[in-house]
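Engineer: Shown below is the structure under consideration.
The values are calculated or read from the model by the stated rules, or taken from the named source; none is laboratory data. The structure presented is a predicted model; accordingly, all values stated were derived computationally and were not measured. No Cβ is skipped: glycine too gets one built from the backbone with ideal geometry, and neighbour counts run over all protein chains shown. When the accessible area is computed, the model is the full protein with side chains, heavy atoms only, and any ligands, DNA or RNA have been set aside. Shrake-Rupley method; radii C 1.70, N 1.55, O 1.52, S 1.80 Å.
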Amino acid sequence: MSPTIQFDAEGQLKHFLTIEGFTQAHLTKILNTAESFVSMSQQQVQKFPLLRGKTIVNLFFENSTRTRSTFELAASRLSADVLNIDIATSSTKKGESLLDTIRTLEAMHIDMFVVRHALSGAAHFIAQHTSPHISVINAGDGQHAHPTQAMLDMFTIRQHKPDFSQLKIAIIGDILHSRVARSQIQALNILGAKEVRVIAPQTLLPAQVETLGVTAWHDMELGLNDIDVIMMLRLQTERMNSAFLATESEYFKCFGLTTEKLKLAKPDAIVLHPGPINRGLEIASEVADGKQSLILQQVNNGIAVRMAILSLAMQAQGI
(Lines give C-alpha, C1' and ligand atoms only; values in the text may rest on other atoms or scores of the structure.)
Protein backbone atom coordinates (compact mmCIF):
# COMPACT_ATOMS: atom_id res chain seq x y z
CA MET A 1 0.00 0.00 0.00
CA SER A 2 1.60 3.27 -1.07
CA PRO A 3 1.56 6.03 1.55
CA THR A 4 -0.87 8.91 1.33
CA ILE A 5 0.01 12.31 2.77
CA GLN A 6 -2.44 13.03 5.58
CA PHE A 7 -1.47 16.69 6.11
CA ASP A 8 -1.56 19.76 3.88
CA ALA A 9 1.38 22.08 3.19
CA GLU A 10 0.72 23.99 6.43
CA GLY A 11 0.69 20.82 8.51
CA GLN A 12 -3.08 20.82 8.99
CA LEU A 13 -4.92 17.50 9.04
CA LYS A 14 -6.20 16.78 5.52
CA HIS A 15 -7.06 13.07 5.63
CA PHE A 16 -7.30 10.66 8.56
CA LEU A 17 -6.44 7.27 7.14
CA THR A 18 -4.15 5.66 9.69
CA ILE A 19 -2.44 6.46 12.98
CA GLU A 20 0.91 5.68 11.40
CA GLY A 21 2.91 8.84 10.69
CA PHE A 22 1.28 10.92 13.42
CA THR A 23 3.28 12.46 16.24
CA GLN A 24 2.33 12.68 19.90
CA ALA A 25 1.53 16.36 19.33
CA HIS A 26 -0.87 15.47 16.49
CA LEU A 27 -2.74 12.91 18.57
CA THR A 28 -2.83 15.18 21.61
CA LYS A 29 -4.37 17.94 19.49
CA ILE A 30 -7.18 15.58 18.45
CA LEU A 31 -7.76 14.55 22.07
CA ASN A 32 -7.75 18.15 23.30
CA THR A 33 -10.18 19.21 20.57
CA ALA A 34 -12.50 16.36 21.51
CA GLU A 35 -12.29 17.46 25.15
CA SER A 36 -13.44 20.94 24.17
CA PHE A 37 -16.53 19.47 22.47
CA VAL A 38 -17.33 17.37 25.55
CA SER A 39 -17.01 20.43 27.77
CA MET A 40 -19.28 22.53 25.57
CA SER A 41 -21.84 19.74 25.33
CA GLN A 42 -21.96 19.60 29.13
CA GLN A 43 -22.92 23.28 29.00
CA GLN A 44 -26.00 22.31 26.96
CA VAL A 45 -24.48 23.48 23.66
CA GLN A 46 -25.50 20.77 21.21
CA LYS A 47 -24.97 22.42 17.82
CA PHE A 48 -21.79 24.06 16.52
CA PRO A 49 -21.71 25.98 13.21
CA LEU A 50 -18.14 24.92 12.31
CA LEU A 51 -19.12 22.88 9.25
CA ARG A 52 -22.21 24.80 8.15
CA GLY A 53 -22.44 24.66 4.36
CA LYS A 54 -20.20 21.57 4.14
CA THR A 55 -21.40 18.21 2.82
CA ILE A 56 -20.11 14.93 4.23
CA VAL A 57 -20.80 11.58 2.59
CA ASN A 58 -20.85 8.41 4.71
CA LEU A 59 -19.73 5.79 2.22
CA PHE A 60 -20.07 2.48 4.06
CA PHE A 61 -19.40 -0.68 2.07
CA GLU A 62 -19.58 -2.67 5.31
CA ASN A 63 -22.33 -2.58 7.89
CA SER A 64 -21.56 -0.79 11.14
CA THR A 65 -24.43 0.74 13.04
CA ARG A 66 -22.27 2.15 15.84
CA THR A 67 -19.54 3.77 13.72
CA ARG A 68 -21.87 5.12 11.07
CA SER A 69 -24.33 6.51 13.64
CA THR A 70 -21.63 8.33 15.59
CA PHE A 71 -20.14 9.82 12.43
CA GLU A 72 -23.61 10.96 11.37
CA LEU A 73 -24.29 12.52 14.77
CA ALA A 74 -20.84 14.14 14.84
CA ALA A 75 -21.35 15.74 11.43
CA SER A 76 -24.88 16.85 12.31
CA ARG A 77 -23.74 18.49 15.55
CA LEU A 78 -21.13 20.40 13.54
CA SER A 79 -24.01 21.64 11.30
CA ALA A 80 -22.82 19.80 8.18
CA ASP A 81 -25.15 18.30 5.61
CA VAL A 82 -24.85 14.50 5.73
CA LEU A 83 -25.48 12.06 2.90
CA ASN A 84 -25.62 8.35 3.76
CA ILE A 85 -25.06 6.11 0.74
CA ASP A 86 -26.87 2.76 0.91
CA ILE A 87 -24.30 0.51 -0.75
CA ALA A 88 -26.75 -2.40 -0.91
CA THR A 89 -28.79 -0.46 -3.48
CA SER A 90 -26.08 1.76 -4.96
CA SER A 91 -24.67 1.61 -8.45
CA THR A 92 -21.59 -0.25 -7.23
CA LYS A 93 -23.86 -3.28 -6.88
CA LYS A 94 -24.85 -2.84 -10.54
CA GLY A 95 -21.30 -2.90 -11.86
CA GLU A 96 -20.25 0.73 -11.43
CA SER A 97 -16.66 0.98 -10.29
CA LEU A 98 -15.60 2.58 -7.03
CA LEU A 99 -13.97 5.46 -8.92
CA ASP A 100 -17.15 6.02 -10.95
CA THR A 101 -19.10 6.29 -7.72
CA ILE A 102 -16.57 8.74 -6.28
CA ARG A 103 -16.64 10.91 -9.41
CA THR A 104 -20.45 10.98 -9.38
CA LEU A 105 -20.52 12.11 -5.76
CA GLU A 106 -17.79 14.69 -6.37
CA ALA A 107 -20.03 16.26 -9.00
CA MET A 108 -22.48 17.01 -6.17
CA HIS A 109 -19.85 19.31 -4.61
CA ILE A 110 -19.18 17.26 -1.49
CA ASP A 111 -16.38 18.12 0.91
CA MET A 112 -15.55 14.86 2.70
CA PHE A 113 -15.87 11.11 2.39
CA VAL A 114 -16.12 8.91 5.48
CA VAL A 115 -15.25 5.47 4.13
CA ARG A 116 -15.69 1.98 5.53
CA HIS A 117 -14.64 -0.90 3.29
CA ALA A 118 -13.82 -4.60 3.58
CA LEU A 119 -10.63 -4.18 1.54
CA SER A 120 -7.46 -2.91 3.21
CA GLY A 121 -6.31 0.29 1.56
CA ALA A 122 -9.69 1.35 0.17
CA ALA A 123 -9.67 4.69 2.01
CA HIS A 124 -6.10 5.37 0.85
CA PHE A 125 -7.14 4.58 -2.73
CA ILE A 126 -10.00 7.07 -2.58
CA ALA A 127 -7.77 9.74 -1.01
CA GLN A 128 -5.24 9.29 -3.81
CA HIS A 129 -7.85 9.62 -6.57
CA THR A 130 -10.35 12.13 -5.26
CA SER A 131 -10.32 15.86 -5.96
CA PRO A 132 -7.69 17.87 -4.01
CA HIS A 133 -10.25 19.83 -1.96
CA ILE A 134 -11.92 16.70 -0.56
CA SER A 135 -10.90 15.10 2.75
CA VAL A 136 -11.15 11.36 3.39
CA ILE A 137 -11.67 9.76 6.80
CA ASN A 138 -11.04 6.04 7.24
CA ALA A 139 -13.88 4.44 9.22
CA GLY A 140 -12.26 1.01 8.98
CA ASP A 141 -10.61 -0.77 6.05
CA GLY A 142 -10.22 -4.54 5.97
CA GLN A 143 -7.72 -5.75 8.56
CA HIS A 144 -5.58 -2.63 8.14
CA ALA A 145 -6.72 0.29 10.30
CA HIS A 146 -9.55 1.87 12.27
CA PRO A 147 -7.96 5.13 13.43
CA THR A 148 -11.04 6.93 14.78
CA GLN A 149 -11.89 3.95 16.99
CA ALA A 150 -8.34 3.98 18.35
CA MET A 151 -8.60 7.69 19.12
CA LEU A 152 -11.89 7.37 20.99
CA ASP A 153 -10.25 4.56 22.97
CA MET A 154 -7.28 6.82 23.77
CA PHE A 155 -9.66 9.59 24.78
CA THR A 156 -11.57 7.27 27.11
CA ILE A 157 -8.35 6.07 28.72
CA ARG A 158 -7.09 9.64 29.17
CA GLN A 159 -10.27 10.65 30.98
CA HIS A 160 -9.47 8.15 33.73
CA LYS A 161 -5.70 7.68 33.52
CA PRO A 162 -4.17 10.76 31.89
CA ASP A 163 -0.46 9.84 32.14
CA PHE A 164 0.15 7.25 29.42
CA SER A 165 3.81 6.95 30.41
CA GLN A 166 2.75 5.17 33.61
CA LEU A 167 0.31 2.73 32.01
CA LYS A 168 0.62 -0.97 31.31
CA ILE A 169 -2.04 -1.96 28.80
CA ALA A 170 -3.24 -5.36 27.65
CA ILE A 171 -5.05 -5.88 24.35
CA ILE A 172 -6.78 -9.26 24.43
CA GLY A 173 -8.33 -11.43 21.76
CA ASP A 174 -8.32 -11.64 17.99
CA ILE A 175 -5.25 -9.54 17.24
CA LEU A 176 -4.69 -11.22 13.86
CA HIS A 177 -7.88 -10.02 12.20
CA SER A 178 -8.32 -6.75 14.11
CA ARG A 179 -7.84 -3.39 12.40
CA VAL A 180 -8.76 -1.83 15.75
CA ALA A 181 -5.82 -3.51 17.52
CA ARG A 182 -3.32 -2.29 14.94
CA SER A 183 -4.48 1.30 15.31
CA GLN A 184 -4.64 1.00 19.11
CA ILE A 185 -1.06 -0.29 19.28
CA GLN A 186 0.22 2.54 17.10
CA ALA A 187 -1.61 5.19 19.12
CA LEU A 188 -0.50 3.79 22.48
CA ASN A 189 3.13 3.70 21.43
CA ILE A 190 3.01 7.23 20.02
CA LEU A 191 1.41 8.50 23.24
CA GLY A 192 4.22 6.87 25.22
CA ALA A 193 2.51 3.99 27.01
CA LYS A 194 4.85 2.26 29.45
CA GLU A 195 4.05 -1.22 28.12
CA VAL A 196 1.63 -2.70 25.59
CA ARG A 197 0.88 -6.40 25.82
CA VAL A 198 -1.16 -8.53 23.45
CA ILE A 199 -2.75 -11.63 24.93
CA ALA A 200 -4.13 -14.27 22.57
CA PRO A 201 -3.70 -17.84 21.37
CA GLN A 202 -0.83 -18.23 18.93
CA THR A 203 -3.29 -18.78 16.08
CA LEU A 204 -4.79 -15.30 16.61
CA LEU A 205 -1.51 -13.37 16.64
CA PRO A 206 0.20 -11.99 13.52
CA ALA A 207 3.63 -13.38 12.68
CA GLN A 208 6.42 -11.40 14.38
CA VAL A 209 3.85 -9.41 16.35
CA GLU A 210 6.62 -7.98 18.56
CA THR A 211 7.72 -5.77 15.66
CA LEU A 212 4.51 -3.78 16.23
CA GLY A 213 5.89 -2.59 19.57
CA VAL A 214 4.22 -5.07 21.91
CA THR A 215 5.05 -8.07 24.05
CA ALA A 216 3.08 -11.24 23.33
CA TRP A 217 1.49 -13.41 25.99
CA HIS A 218 -0.43 -16.67 25.58
CA ASP A 219 -1.50 -17.06 29.23
CA MET A 220 -4.17 -14.54 30.19
CA GLU A 221 -3.74 -15.04 33.91
CA LEU A 222 -0.03 -14.20 33.73
CA GLY A 223 -0.52 -11.45 31.16
CA LEU A 224 -3.02 -9.52 33.28
CA ASN A 225 -0.60 -9.09 36.16
CA ASP A 226 -0.04 -5.40 37.02
CA ILE A 227 -2.22 -4.17 34.14
CA ASP A 228 -3.89 -0.73 34.27
CA VAL A 229 -6.05 -0.91 31.13
CA ILE A 230 -7.69 -3.98 29.59
CA MET A 231 -8.78 -3.59 25.97
CA MET A 232 -10.90 -6.53 24.81
CA LEU A 233 -11.44 -7.30 21.12
CA ARG A 234 -14.32 -8.83 19.25
CA LEU A 235 -13.69 -12.36 18.06
CA GLN A 236 -14.13 -11.91 14.30
CA THR A 237 -15.54 -15.31 13.46
CA GLU A 238 -16.61 -14.07 10.02
CA ARG A 239 -12.94 -13.72 9.07
CA MET A 240 -11.79 -17.12 10.28
CA ASN A 241 -12.43 -20.82 10.05
CA SER A 242 -12.34 -23.59 12.64
CA ALA A 243 -8.55 -23.88 12.37
CA PHE A 244 -8.13 -20.72 14.47
CA LEU A 245 -10.06 -21.98 17.52
CA ALA A 246 -10.69 -25.22 19.33
CA THR A 247 -14.20 -24.36 20.54
CA GLU A 248 -15.88 -21.14 21.61
CA SER A 249 -16.28 -22.45 25.15
CA GLU A 250 -12.57 -23.26 25.30
CA TYR A 251 -11.74 -19.78 24.03
CA PHE A 252 -13.88 -18.15 26.73
CA LYS A 253 -12.29 -20.36 29.37
CA CYS A 254 -8.78 -19.31 28.34
CA PHE A 255 -9.21 -15.77 26.99
CA GLY A 256 -12.64 -14.50 28.06
CA LEU A 257 -12.62 -11.73 30.65
CA THR A 258 -14.39 -12.85 33.82
CA THR A 259 -14.67 -11.29 37.26
CA GLU A 260 -12.02 -13.67 38.54
CA LYS A 261 -9.54 -12.78 35.80
CA LEU A 262 -10.22 -9.07 36.20
CA LYS A 263 -9.03 -9.35 39.80
CA LEU A 264 -5.57 -10.31 38.46
CA ALA A 265 -5.10 -6.80 37.06
CA LYS A 266 -4.65 -3.72 39.23
CA PRO A 267 -7.64 -2.98 41.51
CA ASP A 268 -8.44 0.22 39.60
CA ALA A 269 -7.98 -1.29 36.14
CA ILE A 270 -10.46 -0.14 33.50
CA VAL A 271 -12.05 -2.30 30.81
CA LEU A 272 -12.74 -1.26 27.20
CA HIS A 273 -14.26 -3.06 24.21
CA PRO A 274 -14.85 -1.54 20.73
CA GLY A 275 -18.06 -3.52 20.28
CA PRO A 276 -20.21 -5.16 19.34
CA ILE A 277 -19.77 -7.41 22.37
CA ASN A 278 -20.06 -11.17 22.20
CA ARG A 279 -21.13 -11.83 25.77
CA GLY A 280 -19.96 -15.15 27.15
CA LEU A 281 -17.37 -15.45 24.41
CA GLU A 282 -14.98 -12.50 24.90
CA ILE A 283 -16.34 -11.00 28.09
CA ALA A 284 -18.72 -12.01 30.87
CA SER A 285 -21.84 -9.90 31.28
CA GLU A 286 -20.99 -9.04 34.88
CA VAL A 287 -17.72 -7.49 33.67
CA ALA A 288 -19.22 -5.75 30.64
CA ASP A 289 -21.87 -4.19 32.86
CA GLY A 290 -19.63 -3.75 35.90
CA LYS A 291 -18.24 -0.61 37.52
CA GLN A 292 -14.81 -0.99 35.87
CA SER A 293 -16.30 -1.17 32.37
CA LEU A 294 -16.15 1.96 30.19
CA ILE A 295 -17.81 0.39 27.15
CA LEU A 296 -20.82 2.71 27.03
CA GLN A 297 -18.58 5.69 27.74
CA GLN A 298 -16.55 4.71 24.67
CA VAL A 299 -19.69 4.96 22.54
CA ASN A 300 -20.52 8.40 23.89
CA ASN A 301 -16.93 9.57 23.44
CA GLY A 302 -17.01 8.42 19.83
CA ILE A 303 -19.20 11.40 18.95
CA ALA A 304 -16.85 14.02 20.44
CA VAL A 305 -13.71 12.41 19.00
CA ARG A 306 -15.22 12.15 15.53
CA MET A 307 -16.40 15.75 15.79
CA ALA A 308 -12.80 16.69 16.53
CA ILE A 309 -11.43 14.77 13.55
CA LEU A 310 -14.06 16.09 11.14
CA SER A 311 -13.51 19.69 12.22
CA LEU A 312 -9.70 19.45 12.14
CA ALA A 313 -9.73 17.85 8.68
CA MET A 314 -11.93 20.65 7.37
CA GLN A 315 -9.41 23.26 8.57
CA ALA A 316 -7.27 22.35 5.59
CA GLN A 317 -10.17 23.60 3.46
CA GLY A 318 -10.06 26.97 5.16
CA ILE A 319 -13.17 26.84 7.33
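Engineer: Using a 1.4 angstrom probe on heavy atoms only, work out the carbon and sulfur share of the accessible area of the chain in %. Write out the running numbers ahead of the final one.
Structural biologist: Numbers: 7080 of 13610 Å².
Percent of accessible area from carbon and sulfur atoms in the chain: 52.
Engineer: Read phi for every residue in region 172-182 and hand back ³J(HN,Hα) as whole Hz from Karplus 6.51 cos²θ - 1.76 cosθ + 1.60, θ = phi - 60°, with x for Gly and Pro.
Structural biologist: 10, x, 7, 5, 4, 9, 9, 6, 4, 4, 4
Engineer: Which residue, Asn301, Asn58, Asn225, has the most motion in a Gaussian network model of the chain that connects Cα atoms within less than 10 Å?
Structural biologist: The residue with the greatest mean-square fluctuation here is Asn225.
Engineer: Given Ala107, Thr23, Leu51, which one lies farthest toward the positive end of the charge dipole of the chain, if we put +1 on the Cβ of every Lys and Arg and -1 on the Cβ of every Asp and Glu?
Structural biologist: Towards the positive end, the residue furthest out is Leu51.
Engineer: Now for a separate question. On the principal axes of its Cα set, how long, how wide and how thick is region 60-162? Give whole Å, largest value first.
Structural biologist: Result, largest extent first: 48, 32, 26 Å.
Engineer: Each residue of region 76-84 in order: what ³J(HN,Hα) in whole Hz does its phi give by Karplus 6.51 cos²θ - 1.76 cosθ + 1.60, θ = phi - 60°, with x for Gly and Pro?
Structural biologist: In residue order, the calculated couplings are 5, 5, 8, 6, 7, 7, 10, 10, 9 Hz.
Engineer: Quick query: amide H of Met231 versus all other amide H atoms, modeled in the peptide plane; which residues come in under 5 Å with a sequence gap of 5 or more or a different chain?
Structural biologist: Ala170, Ile171, Ile172, Leu272
Engineer: What does the accessible area per residue of region 1-156 come to in Å², with a 1.4 Å probe and no ligands, DNA or RNA counted?
Structural biologist: About 45 Å² of surface per residue is accessible.
Engineer: Kindly flag which residue pairs out of Lys194/Lys266; Lys168/Lys261; Lys161/Lys194; Lys47/Lys161; Lys14/Lys161 have an alpha-carbon separation exceeding 22 Å in this structure.
Structural biologist: Beyond 22 Å between Cα atoms: Lys47/Lys161; Lys14/Lys161.
Engineer: Cα convex hull of the chain: how many Å³ per residue?
Structural biologist: So the per-residue Cα hull volume is 134 Å³.
Engineer: Pulled fully out, how much extra length does the chain show between Asn225 and Gln292, if you take 0.36 nm times their separation in residues and subtract their Cα-Cα distance?
Structural biologist: 22.5 nm
Engineer: Near the amide H of Val114, under 5 Å away, which other amide H atoms are found, from residues 5 or more places off or on another chain, if H is placed in the peptide plane?
Structural biologist: Those qualifying (amide H under 5 Å, at least 5 residues apart or on another chain) are Val57, Asn58, Leu59, Ile137.
Engineer: Could you state the accessible area per residue of region 172-225 in Å², with a 1.4 Å probe and every protein chain left in place? Before the final figure, lay out the partial values.
Structural biologist: Values: 2060 Å² over 54 residues.
Heavy-atom accessible area per residue stands at 38 Å².
Engineer: Once the convex hull of the alpha carbons of region 160-296 is built, what does its volume come to per residue, in cubic angstrom? Don't skip to the end; give the middle numbers.
Structural biologist: Numbers: hull volume 13.4 nm³, N = 137.
Measuring per residue, one finds 98 Å³ for the Cα hull of region 160-296.
Engineer: Can you list the HN-Hα couplings for region 289-301, worked out from phi with the Karplus curve (6.51, -1.76, 1.60; θ = phi - 60°), rounded to whole Hz and with x for Gly and Pro?
Structural biologist: Running phi through 6.51 cos²θ - 1.76 cosθ + 1.60 with θ = phi - 60° gives 9, x, 6, 8, 7, 10, 5, 5, 5, 4, 4, 4, 5 Hz.
Engineer: Taking 0.36 nm per intervening residue step and subtracting the Cα-Cα distance, what contour gain separates Ile5 from Lys194 on full extension? Don't skip to the answer; put the middle values down first.
Structural biologist: On the way: separation 189, 0.36 × 189 = 68.04 nm, distance 2.89 nm.
In short, 65.1 nm is gained.
Engineer: Counting only helical runs of four or more DSSP H residues, what would the 222 nm mean residue ellipticity of the chain come to if each run contributes -39,500 (n - 2.57) and the total is spread over all its residues?
Structural biologist: Working: 11 runs with 115 residues, N = 319.
Mean residue ellipticity, 222 nm, calculated: -10500 deg cm²/dmol.
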